[in-house]
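Input: a single structure, listed below in structure tokens.
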């Protein structure tokens, strides 16, 4: 049973426009959500996170929105840059051991 | 800060041999660390959680006798793939837990 879902395997966005990556989850016990960026043959890099007590967190060009009632979160990147081309993973956690439950990832392609 | 290294970055071995992968945190100490495996175009799969000085906790379906984890110190953990088979070919990634998980660059294992 996939508890964290990223339904779009890939997304193509024009440079300078907004990229919106979506993530849905099924477990209402998740209380912390994270986005990671991953280049091929590299480990994931932490991007931004949000606690379940918030509905928005912003860091520079990156903003994460959380809609608990819909069990949905999204990552907005604006403006999109060529270096943003990577696979983006959504992850969730619910315990102090900090085990992450991962989505399948969305490959973001920024077109020049 | 929060740099994690993995060695080797790539390894090719013959079927039946054992391979050891090292994971080091270079500028911080952490009690808890994780080993992941990633198949092509798939999400990261948690293999095991390890606390320094304790036996690792393996996820369901992961053979503990095949994937030996030694968490020797607060900065070093090793994963040994014993009697490797071609189906063990994968991308193995470690992470150390501090305020968030910090990932190593990964190790590409190819078993011939």
Next item on the list: For a quick protection proxy, order the peptides B:73-84, B:50-61 by their average other-Cβ count within 10 Å, most packed first.
Entry: B:73-84, B:50-61
Next item on the list: Evaluate the relative contact order of chain B (contact order divided by residue number), counting alpha-carbon pairs under 8 angstrom at least 6 apart; express in whole percent.
Entry: 37
Checklist line | Test item: A:36-46 mean partner chain Cβ contacts at 10 Å | finding: 6
Notebook entry, point to check: What ratio of Cα Rg to 2.2 N^0.38 Å holds for the protein assembly as shown?
Noted result: 1.03
Margin query: Using a Debye calculation, one point per C-alpha and no hydration shell, please list log10 I(q)/I(0) for chain A at q = 0.11, 0.13, 0.15 Å⁻¹ in order.
Written below: -0.31, -0.44, -0.59
Item checked: Projected area, mean over directions - the stretch B:1-110, Cα convex hull, nm² -> 6.4
Note to self: How high is the relative contact order of chain A? Use alpha-carbon pairs under 8 Å, at least six apart in sequence, and give a whole percent.
What the structure shows: 37
Margin query: Using a 10 Å cut-off around each Cβ of peptide A:99-112, what is the average number of partner chain Cβ atoms that fall inside?
Written below: 3
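Read-outs: derived from the displayed coordinates by stated rules, not from any lab. Keep in mind the model is a prediction, meaning the values are calculated, not measured. Note that each Cβ is placed from the backbone with ideal geometry, even for glycine, and that neighbours are counted across all protein chains shown.
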